[in-house]
Amino acid sequence: MIGEILSVTFITGLIGAMMRMATPIIFAMLGEIITERAGVLNLGIEGIMLMGAMTGFLVTLSTGSLWTGVFAAALVGMVFALIMAVLVVYLGLSQHVSGLGITLFATGLAMFIYRLYFGSPTVPPIVKPFSRIEIPLLSKIPILGQGLFHHYSLTYIAVLLIPAVAILLYKTKVGLKIRTVGENPFAADTVGVNVNLTRTLCLVAGGALMGIGGAFLTLAHQNMFLLDVIGGRGWVAVAMVIFGNWDPVKGAIGALLFGLVDGLQLRLQGLGLHVSFDIFLMIPYVITIIALIGVSRRASVPAALLQPYRREDKGG
Amino acid sequence: MPGAQPVPDSTKGRYDLPAKTAANDTPVIEMRGITKRFLDNVANDQIDFTLHAGEICALLGENGAGKTTLMNVLFGYYSFDEGSISVRGEQVALASPKDAIANGIGMIHQHFTLVPTQTVLENIVIATRDEKRFFLNLKGARKKLLDIQKQFGLYVDPDTRVWTLSIGQQQKVEILKALYRNSSVLIMDEPTAVLAPQETVELFKTLRVLAEEGRSVIFISHKLHEVMEISDRVVVLRNGKVVNQKRTADTDVKELANMMVGREVLERIERQVVEPGEPVLEVNDLNVLNDKGLEAVKNFTLTVRRGEILGIAGVSGNGQTEMCEVLFGVRGAETGTVSVGGQPLRLGHPLSSVRSGLARIPEDRIHMGLLMDMTVEDNLQLENHWTGRFARNGLRKFDEIAANSQTLITDYSIKTDGKDAPAKSLSGGNLQKIILARELSSEPEVVLASQPTRGLDVGATEYIHQRMVEEKVRGAGVVLVSDDLDEVMGLSDRIIVMYEGEIMGEVAGSGADREQIGLWMTGVKS
Amino acid sequence: MIRIQLVKRTPLTGWYRVLVPLLAVVTTLVLSAIPILIAGGNLWQSYYYLFYGALGTRFNLLETFVKASPLIFTGLAVAFAFRAKFWNIGAEGQLLAGAIVATWIGMAGGSAPAIVLLPSIMIGGFLAGGAWAAVPALLKTKLNVDDVVSTLLLNFVILHIMGALLFGPMQKTGASWPISEEIVEAARYPILLARSRFHLGIPLAFAAVLVIWFINSKTVFGFRSRAVGVNIHAARYGGINTTSVILKTALISGGLAGLAGVGEVAAIQYHLLSDLSPGYGYTGIVIAMLGNLHPVGVGLAAIFFSIINVGSQTMSRMTGVPSYISGVIEGMALIVMLIFLLMNEYKVRVVRK
């Protein structure tokens, strides 16, 4: 057994599994970071991912085009994020309760629509999922090559999005505006930034990424839609945002670690090792809770998170 | 030329104002008949205000006189109900700060609009809108910022994160932010309130440089000697109206103080002389920090006797709030002791204050004193719901509670739909009566009332004054903290004046010299 | 340009407070017509079977109560916590904590009589749920950790603890899937009505409604927890020990959720299994909001949800509208209720510029 675990095939496979398992979390986590950086906590994430997974699957099944499915998943994520924006940005409702409401609603709707289309078939419908792409030369690197450079295109996109989001946030004017809206909306307003519009756009952009993260699970990771396909990955993404201190790169490292534990579990089960990995799977949550201690005193949490912004609060 | 941005003259590397137009005497800003209403009060009532190029104009008035509201209107942050605004002779619509900025108006709020986690440069760059680039041009911005720093002598390291800067340096960043967008009008809301004396001197130098360049400054303040020192012209606001304006050279501190606070006394309070008894409140060497960690109360020592009203006068924000919070039990002190009726208070422990025989009438009644979403009765019960009279074995005695509520509502003539009406349905005066009823019905030894009539109408004000006097006659020691000088002078047997956390002086209540007190209030020692 | 502004107004009180959730329920039911029509269901037939399926026969009616029991407990748990502004999103985890301890006591019960075992599993489950809720309450009051995120994450921690137990020490001998041994007969809730599953947990849930109503409205503690929820600064100013109030609130809230878990083990499943709860804890949040955080409102909202859940099964069989419509209706109910509550505080003003 030990020999098998230390084998090159196993390690290569493990790296590959890590990347695969981390992909949906990276998408969702980046979406949540953009949203939270603008001052909105989107707890609708779990439901939005499920809607994305369902929509992506459904559209691909009916059009035969995987990318159309991905596009549709992004679109439906944006729609739900827009509902969230109406509730929390324009109506100023509690971000916590509204987000959970979106999750409940989207979850119910996803299951409802799936059943509407497929009933309860004995053999679940499947799509022909994305196939993995080998990157020439790089994939020939011993051990690592097949693990890192033989993946679905969505995985490559997720990896490329990490620096892209980091650059967007730290190096562009748009990013500076987003960060200012999340830190001090009053300051943003006084320099002429439209606070509520910025927040809405960030929610919508984040929703698209969450939707794509969900679609990855039904169009690449698996080839079918199961009701528990998300399995708390949305909450993991929220946890990774905190774990990574609202930084895309650190958050991605967290997502990869999570993917590693998840992948290890799958691989070991694949070897016929029937042990419970629940203790392992618990670790990321515990670490995140520990990371939450003192987070209110750390500079990294967007200072205006959870606070609706209204200019003339004295009435009018 | 509203809307157009002045173009930096790159040959000189300076950021100058656009060449002055031929109509040099056209006011830069002209506000006509501005009226701004909030739900139930008029914050600005038909205000006319003009500003010329190169002028430093002080906007003087008490807190709540409508200065900041007027300037927020000019900055496009508030909409207004009536009136018009012209910039350089052309009428403009200022629907948001964006429009004000485009018209060269910059405002530095009392609470800075900086992001503490970002660098100085990032905080400044967000203000620009001239470049249509996607990426931040930090290199170019840094060069421009350094040029401006050199030109105006305002040096702050561009790469420092703002939270590490002192308040004075943060203010420089705010000024740089405005200069970076080439604001020709700079509104500064109480800029010296948070500054140390040396920093104030520096700020004034900067403001003079700006004025010499042809920029205009609006300086909002209630500190008279500063207004005298820095401004060319003073506009005095009171109760949302312009009461007077003068060239600074033609006036003096005494006249300004009169214009600012000297309104006619409407009510005549029957002064009742009672022979003061033994000391009942003793505050010894209290030193208190405010929320920002700055010294708010310094070496504060005070004795109050039974049967007297001690008035504490002073402009808001000179440590009165923090001093009261310590006595209320919600703020700790660095050093010092407080005793009520000979028993020491456990500072920072609200229950200790509740049980000490101290009646607490807080300044911020809505956020601190009351449970607005609960009923009148609940509010009357806040401090004694657990006592043997109202509860046994953890169960509340509703008959007793209801009877008590009825009695208090009647005794204090609280206008309400009943004891079960939500507190938020009551008017300000009746809310204050709930607090009075709660605090005074137990016949306290000391009454500490902080701004007890702020925002109240004349009737409620008179009622509260009468109650204060009754408490004194009954034999309580009464402390009245107020920034309304008439109130303090009309009620107090003794008056002390607080300025920057210290006691400036003490006078007897009857026949007190108003001008003397006014001077102490503005920090002039004599 | 037209701008829409929200303007604060004096909230309506008294009967309107009862009207708000009622209007929300009616609106939700009307909105439910949209998914029903999309699913191709006949509108009146669908509504008929929805209610007939839940209330039309003796068995279905009692089954509606069976399904309402855990929802009442989790709804009360959330409502009690929210009232003191302790944002307990963790009722799901506290339910599982209660279920784990109840199962453990029930498995280890041996030959002890019901009179000993029944109180033991209830108290054990209550304490376990309370303890699991005390963790985030302590983190909130002592270390300033956001309670929403911590309670949410602790749900997954306990889920995995349960997984580890079900694959480990608690696993049924010989089983290869996550399931525990059955609890002994004496530890099971008695069935109170023949030919049904109407069990002890149902009257217990209604008793809990009364107890919570009593605590809220009659006790010093109820007064304090409400004061803390309404304005924690004023509560502290008034001399209330806010930390202690939040901790005690968490204990009771978690305990109630724990009792929901006890009921599922002791009256429905008789053993612990990984999908013990179909999200009762999360549904409890919606029920608490819909019940306007009032215990009686929670009871009614839980029964309403139970009607939707049970009735949608019949509706699905008879009209082909998927039973998952219940999830859609629940989600809509929460969002509608949130908006209705807001409209009680604000009015919408359209400004033309």
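The values are calculated or read from the model by the stated rules, or taken from the named source; none is laboratory data. On a predicted model such as this, the values are computed, not experimentally measured, just so you know. All Cβ positions, even for glycine, are placed from backbone atoms using ideal geometry, and neighbour counts span all protein chains on display.
Checked against (1) touching a residue at least 60 places away in the same chain (Cβ under 8 Å); (2) out of contact with any Ser or Thr (no Cβ under 6 Å at 6 or more places or on another chain); (3) not polar (S, T, N, Q), C:Ile240 meets all criteria but (1). Within the range A:115-133, the only residue that satisfies the criterion of being crowded, with 17+ Cβ neighbours inside 10 Å, free of Cβ contacts under 8 Å to residues at least 60 places away in the same chain and not basic (Lys, Arg) is A:Leu116.
A quick yes/no check of all residues on (1) among the β-branched types (Val, Ile, Thr); (2) facing chain A (nearest Cβ under 7 Å); (3) crowded, with 20+ Cβ neighbours inside 10 Å; (4) within 21 Å of C:Gly258 (Cβ to Cβ):
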| site | (1), (2), (3), (4) |
| --- | --- |
| C:Leu138 | no, no, no, yes |
| C:Asn144 | no, yes, no, no |
| C:Leu152 | no, yes, yes, yes |
| C:Thr173 | yes, no, no, no |
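For the range C:83-118, the tally of residues that are under 30 Å from C:Ala235 (Cα atoms), part of a helix (DSSP H, G or I) and within 14 Å of another protein chain (Cβ to nearest Cβ) stands at 4.
C:Val145 meets all of the listed conditions (1) touching a helix residue (DSSP H, G or I) at 6+ places or on another chain (Cβ under 7 Å); (2) assigned to a helix (DSSP H, G or I); (3) not basic (Lys, Arg) but one, namely (2). For the range B:315-364, the tally of residues that are of a type in the set (Gly, Ala, Ser), within 13 Å of another protein chain (Cβ to nearest Cβ) and not in a loop (DSSP other than H, G, I, E, B) stands at 2. Scanning the range B:78-105 for residues that are small (Gly, Ala, Ser), on the phi < 0 side of the Ramachandran plot and more than 9 Å from chain A (Cβ to nearest Cβ) gives B:Ser84, B:Ser86, B:Ala93, B:Ala95. You will find that of A:Ile167, A:Ile253, A:Ile141, A:Ile242, the residue that is more than 28 Å from A:Ile126 (Cβ to Cβ), within 14 Å of chain B (Cβ to nearest Cβ), among the β-branched types (Val, Ile, Thr) and without any contact (Cβ under 8 Å) to a residue 60 or more places away in the chain is A:Ile167 and no other. As a summary of the residue check, B:Ala65 satisfies the conditions (1) within 12 Å of another protein chain (Cβ to nearest Cβ); (2) under 27 Å from the mean Cα position of the chain (by Cα) except for the one numbered (1).
Can you tell me which residue in the range B:390-402 is nearest to the other protein chains (Cβ to nearest Cβ), limited to those that are surrounded by 12 or more Cβ atoms within 10 Å (Cβ to Cβ) and outside any strand (DSSP E or B)? Result: B:Gly394. The set of residues in the range B:41-78 that are without any contact (Cβ under 8 Å) to a residue 40 or more places away in the chain and either farther than 28 Å from B:Gly314 by Cβ or outside the structural domain of B:Ile220 (by TED's automatic domain parsing) (or both) comprises B:Thr50, B:Gly76, B:Tyr77.
For the range A:84-118, which residues satisfy the criterion of being within 8 Å of another protein chain (Cβ to nearest Cβ), hydrophobic (A, V, I, L, M, F, W, C) and assigned to a helix (DSSP H, G or I)? Selection gives A:Leu87, A:Val97, A:Leu100, A:Ile102, A:Leu104, A:Phe105, A:Ala106, A:Leu109, A:Met111, A:Phe112, A:Leu116.
Restricted to the range B:296-333, and to residues there that are closer than 24 Å to C:Arg236 by Cα and among the acidic types (Asp, Glu), the residue that is surrounded by the fewest Cβ atoms within 10 Å (Cβ to Cβ) is B:Glu322. For the range B:87-128, the set of residues classified as charged (D, E, K, R) and touching a Pro at 6+ places or on another chain (Cβ under 6 Å) consists of B:Glu90 only.
Quick grid of which residues meet (1) modelled with pLDDT under 95; (2) within 24 Å of the chain's Cα centre (by Cα); (3) outside any helix (DSSP H, G or I):
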| residue | (1), (2), (3) |
| --- | --- |
| C:Ser120 | no, yes, no |
| C:Gly125 | no, yes, no |
| C:Ala131 | no, yes, no |
| C:Leu159 | yes, yes, no |
| C:Ala164 | yes, no, no |
| C:Ser176 | yes, no, yes |
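Evaluate the range C:185-196: report whether one residue or more is facing chain A (nearest Cβ under 10 Å) and buried (at least 18 other Cβ atoms within 10 Å of the Cβ). Looking for residues that are facing chain A (nearest Cβ under 10 Å) and buried (at least 18 other Cβ atoms within 10 Å of the Cβ), one finds none in the range C:185-196, hence no. Scanning the range C:302-341 for residues that are buried (at least 24 other Cβ atoms within 10 Å of the Cβ), more than 21 Å from the chain's Cα centre (by Cα) and within 9 Å of chain A (Cβ to nearest Cβ) returns C:Val321, C:Pro322. Residues in the range A:134-173 that are surrounded by fewer than 18 Cβ atoms within 10 Å (Cβ to Cβ), assigned to a strand (DSSP E or B) and at pLDDT 90 or above: A:Thr172 only. For the range B:57-70, the condition holds for no residue, the condition being that it is among the polar types (S, T, N, Q), in a strand (DSSP E or B) and either modelled with pLDDT of 90 or more or under 24 Å from A:Thr190 (Cβ atoms) (or both).
In the range B:255-262, is there at least one residue being modelled with pLDDT of 90 or more and either over 24 Å from A:Ala187 (Cα atoms) or in contact with a strand residue (DSSP E or B) (Cβ under 8 Å, 6 or more places away or on another chain) (or both)?
The initial filter retains those residues of the range B:255-262 that are modelled with pLDDT of 90 or more, namely none.
So far as the range B:255-262 goes, no, none of its residues is modelled with pLDDT of 90 or more and either over 24 Å from A:Ala187 (Cα atoms) or in contact with a strand residue (DSSP E or B) (Cβ under 8 Å, 6 or more places away or on another chain) (or both).
Checking C:Gly254, C:Gly229, C:Gly281 one by one, the residue that is in contact (Cβ under 8 Å) with a residue 24 or more places away in the chain, away from every other protein chain (no Cβ under 13 Å), closer than 26 Å to C:Leu334 by Cβ and not in a loop (DSSP other than H, G, I, E, B) is C:Gly254 and no other.
If the requirement is being in the same structural domain as B:Thr301 (by TED's automatic domain parsing), in a strand (DSSP E or B) and more than 24 Å from B:Ser413 (Cβ to Cβ), which of these qualifies: B:Val478, B:Val497?
Working: B:Val478 fails: more than 24 Å from B:Ser413 (Cβ to Cβ).
Sole residue among the options that is in the same structural domain as B:Thr301 (by TED's automatic domain parsing), in a strand (DSSP E or B) and more than 24 Å from B:Ser413 (Cβ to Cβ): B:Val497.
Per the listing C:Val286, C:Val265, C:Val296, C:Val209, the residue uniquely out of contact with any Asp or Glu (no Cβ under 8 Å at 6 or more places or on another chain) and closer than 20 Å to C:Phe86 by Cβ is C:Val209.
One residue alone among A:Ile126, A:Ile212, A:Ile162 is out of contact with any helix residue (DSSP H, G or I) (no Cβ under 6 Å at 6 or more places or on another chain), more than 14 Å from chain C (Cβ to nearest Cβ) and β-branched (Val, Ile, Thr), and that residue is A:Ile126.
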